[in-house]
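> Below is the structure I would like to discuss, written out as structure tokens.
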Amino acid sequence: MKSAWLLVVALAATALAVSARSQGLDYGRIEITTDQIAPNLYMLSGSAGLDPSHQDAAGGRIGVLAGPDGVLMVDAQYAELGDKVLAAIRRISSAPIRFLVNTHIHRDHTAGNAKFAKLGATIFAREELRLGMSGAARSLNGNPAPASDPAAIPVVTYGMGEPVRLHLNGEVVDLVPIRAAHTGGDTMIRFEHANAIMIGDYYRNFGYPFIDINNGGSLKGMLEALDFTMKAAGPDTRLVPGHGTIIKRADLIPYRDMIFAIQGKVQQLIAQGKTQQDVLAAHVTSAYDASVPGGLLPAGAGTSADRFVTEVYQELKGGGR
Ligand SMILES: [Zn+2]
């Protein structure tokens, strides 16, 4: 694992230099790799080292449940990768793509929606996600961007009640709403028989946690989501994040402890009257920087660590949500 990450970091450094030159993402160089994680469940990921925002694997990970009843997809990647994603799915199954679920609104997970909707997929997501994509919600960080094509907008939506359950290909798929965590419209997708849960971006092991406050995410909700996931998962359940490596339930514990520890440090500094600038300058993540791959890579205005600490500061300073 360690050496794999070292390779990713080396690739990342190269890619940063390249992206600085080309000022953007070279979608043409990104390939989609497929991993089978259960007899009829697959994960699709983009190439490492080519996406400045996601050095570990370009864009967001896709889930594919395949079988005679048709294909169910979880998330849809960047729109620019649509043909390659479709080709990867077609290597798994020639059945119709019937359902597409979005874990959350960010474009590395939803920009490809329209393509698959036009191929016949019905899109499921939280009502909050639909509102955001319809342009009705704030998007101050430029990340989600209202859908440029109305076909991208989810058709079936749900709130914070009971999970939506789909039965196909011998699998039971639960779309479980997660209260404001990474965004205000997160969903966890549980494949009961495959014993796997796709957890979107409210957990990540490349870079520090990302709480998208501008899209309704919250620190409190993220901590609740981690607790909820620990209860929903068994010891051997595979937890599949939108970015980074597949984990087990036990891996959530040090992650949650890290968030608690950093939250405590920021709280202390706020109590001492420190400003956001002061808190960033205090490098409250330093004890973790060596063990969080990508933690000091750029994310937004500063590093991924800066982004996380800023979010924690803003939420604690604002009295929580
Ligand atoms: Zn995201």
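The values are calculated or read from the model by the stated rules, or taken from the named source; none is laboratory data. Here the structure is a predicted model, which is why all the values come from computation and not from measurement. Positions of Cβ are generated from backbone atoms using ideal geometry, with glycine treated the same way; all protein chains shown enter the neighbour counts. Each accessible area value is taken on the protein alone, full model and side chains, heavy atoms only, with ligands, DNA and RNA left out. Shrake-Rupley method; radii C 1.70, N 1.55, O 1.52, S 1.80 Å.
> Quick check: anything in segment 53-75 within 19 Å of residue 213 (Cα to Cα) and either free of Cβ contacts under 8 Å to residues at least 12 places away in the same chain or surrounded by fewer than 24 Cβ atoms within 10 Å (Cβ to Cβ) (or both)? Outline the logic, then answer.
At the first step, the residues of segment 53-75 found to be within 19 Å of residue 213 (Cα to Cα) are 53.
Subset that is either free of Cβ contacts under 8 Å to residues at least 12 places away in the same chain or surrounded by fewer than 24 Cβ atoms within 10 Å (Cβ to Cβ) (or both): 53.
Yes, segment 53-75 contains a residue that is within 19 Å of residue 213 (Cα to Cα) and either free of Cβ contacts under 8 Å to residues at least 12 places away in the same chain or surrounded by fewer than 24 Cβ atoms within 10 Å (Cβ to Cβ) (or both).
> Which pairs have Cβ atoms under 9 Å, sit 6 or more apart or on different chains, and link a residue in segment 157-176 that is more than 20 Å from residue 42 (Cα to Cα) to one that is part of a loop (DSSP other than H, G, I, E, B)?
Within 9 Å, the pairs are 160/179.
> When you go through 79, 66 one by one, which is the residue that is within 16 Å of the ligand (Cβ to nearest atom) and more than 15 Å from residue 243 (Cβ to Cβ)? Lay out the reasoning, then the answer.
Details: 66 fails: within 16 Å of the ligand (Cβ to nearest atom).
Going through 79, 66 in turn, just one is within 16 Å of the ligand (Cβ to nearest atom) and more than 15 Å from residue 243 (Cβ to Cβ): 79.
> Next question. Being open to solvent by less than 20 Å² (accessible area, probe 1.4 Å), in contact (Cβ under 8 Å) with a residue 12 or more places away in the chain and either polar (S, T, N, Q) or within 21 Å of residue 305 (Cα to Cα) (or both) is the requirement here; does residue 233 meet it? Even if it seems obvious, please write down each step before you answer.
Details: open to solvent by less than 20 Å² (accessible area, probe 1.4 Å): yes; in contact (Cβ under 8 Å) with a residue 12 or more places away in the chain: yes; either polar (S, T, N, Q) or within 21 Å of residue 305 (Cα to Cα) (or both): no.
Spelling it out, it is not the case that residue 233 is open to solvent by less than 20 Å² (accessible area, probe 1.4 Å), in contact (Cβ under 8 Å) with a residue 12 or more places away in the chain and either polar (S, T, N, Q) or within 21 Å of residue 305 (Cα to Cα) (or both).
> Another question, if that's okay. From the residues in segment 208-229 that are open to solvent by 30 Å² or more (accessible area, probe 1.4 Å) and modelled with pLDDT of 95 or more, which one is farthest from the ligand (Cβ to nearest atom)?
227
> Residues 300, 264, 295, 273: which one is open to solvent by 30 Å² or more (accessible area, probe 1.4 Å) and closer than 20 Å to residue 57 by Cα?
Working: 264 fails: closer than 20 Å to residue 57 by Cα; 295 fails: open to solvent by 30 Å² or more (accessible area, probe 1.4 Å); 273 fails: closer than 20 Å to residue 57 by Cα.
On inspection, the qualifying residue turns out to be 300.
> Return the residue satisfying two criteria in turn: it lies in segment 186-207 and is of a type outside the set (S, T, N, Q) and over 26 Å from residue 55 (Cβ atoms), and of such residues it is most open to solvent (accessible area, probe 1.4 Å). Explain how you work it out, then say what you get.
Taking segment 186-207 first, the residues of a type outside the set (S, T, N, Q) are 186, 188-194, 196-204, 206-207.
Okay, now just the ones that are also over 26 Å from residue 55 (Cβ atoms), so 190-194.
Working: 190: 60, 191: 1, 192: 75, 193: 124, 194: 15 Å².
Going through the qualifying residues, I end up with 193.
> List every residue pair whose Cβ atoms sit under 9 Å apart, with the two residues 6 or more apart in sequence or on different chains, where the first one lies in segment 182-198 and is free of Cβ contacts under 8 Å to residues at least 40 places away in the same chain and away from the ligand (no atom under 14 Å from the Cβ) and the second, anywhere, is assigned to a strand (DSSP E or B) and of a type in the set (Val, Ile, Thr).
192/172; 192/173
> Please go through segment 240-266 and give me each residue that is within 20 Å of residue 43 (Cα to Cα) and away from the ligand (no atom under 16 Å from the Cβ), ordered by number.
Within segment 240-266, the subset within 20 Å of residue 43 (Cα to Cα) is 240-249, 251.
Within segment 240-266, 245, 246, 247, 248, 249, 251 qualify.
> Within segment 94-129, count every residue that is in contact (Cβ under 8 Å) with a residue 40 or more places away in the chain and more than 16 Å from the ligand (Cβ to nearest atom).
The first filter runs over segment 94-129 and keeps only residues in contact (Cβ under 8 Å) with a residue 40 or more places away in the chain, leaving 98-99, 101-106, 108-111, 113, 116, 121, 124-129.
From what's left, more than 16 Å from the ligand (Cβ to nearest atom): 98-99, 116, 121, 124, 127.
Matching residues across segment 94-129 total 6.
> Which numbered condition in (1) farther than 25 Å from residue 316 by Cβ; (2) within 13 Å of the ligand (Cβ to nearest atom) is the only one that residue 233 fails?
So the condition that residue 233 fails would be (2).
> Suppose we filter 183, 157 for residues that are in a strand (DSSP E or B) and either touching a helix residue (DSSP H, G or I) at 6+ places or on another chain (Cβ under 8 Å) or open to solvent by 30 Å² or more (accessible area, probe 1.4 Å) (or both); which single one remains?
Numbers: 183 fails: in a strand (DSSP E or B).
Among 183, 157, only 157 is in a strand (DSSP E or B) and either touching a helix residue (DSSP H, G or I) at 6+ places or on another chain (Cβ under 8 Å) or open to solvent by 30 Å² or more (accessible area, probe 1.4 Å) (or both).
> Can I ask one more? What are the residue pairs meeting all of these: first residue in segment 287-307, first residue more than 12 Å from residue 210 (Cβ to Cβ), second residue part of a strand (DSSP E or B), Cβ atoms under 7 Å, and 6 or more apart or on different chains?
Close Cβ pairs satisfying both conditions: 296/303; 297/303.
> Here's something else I'd like to know. Which of the residues spanning segment 89-140 are surrounded by 24 or more Cβ atoms within 10 Å (Cβ to Cβ) and hydroxyl-bearing (Ser, Thr, Tyr)?
103, 110
> Then there is this: Counting just the residues of segment 26-52 that are of a type in the set (D, E, K, R) and over 16 Å from residue 79 (Cβ atoms), which one comes out least open to solvent (accessible area, probe 1.4 Å)? Write out each step before concluding.
If we filter segment 26-52 for residues that are of a type in the set (D, E, K, R), which is where we start, we get 26, 29, 31, 35, 51.
From the residues that got through so far, the ones that are over 16 Å from residue 79 (Cβ atoms) too are 29, 31, 35.
Numbers: 29: 125, 31: 99, 35: 80 Å².
Only one residue tops the list, namely 35.
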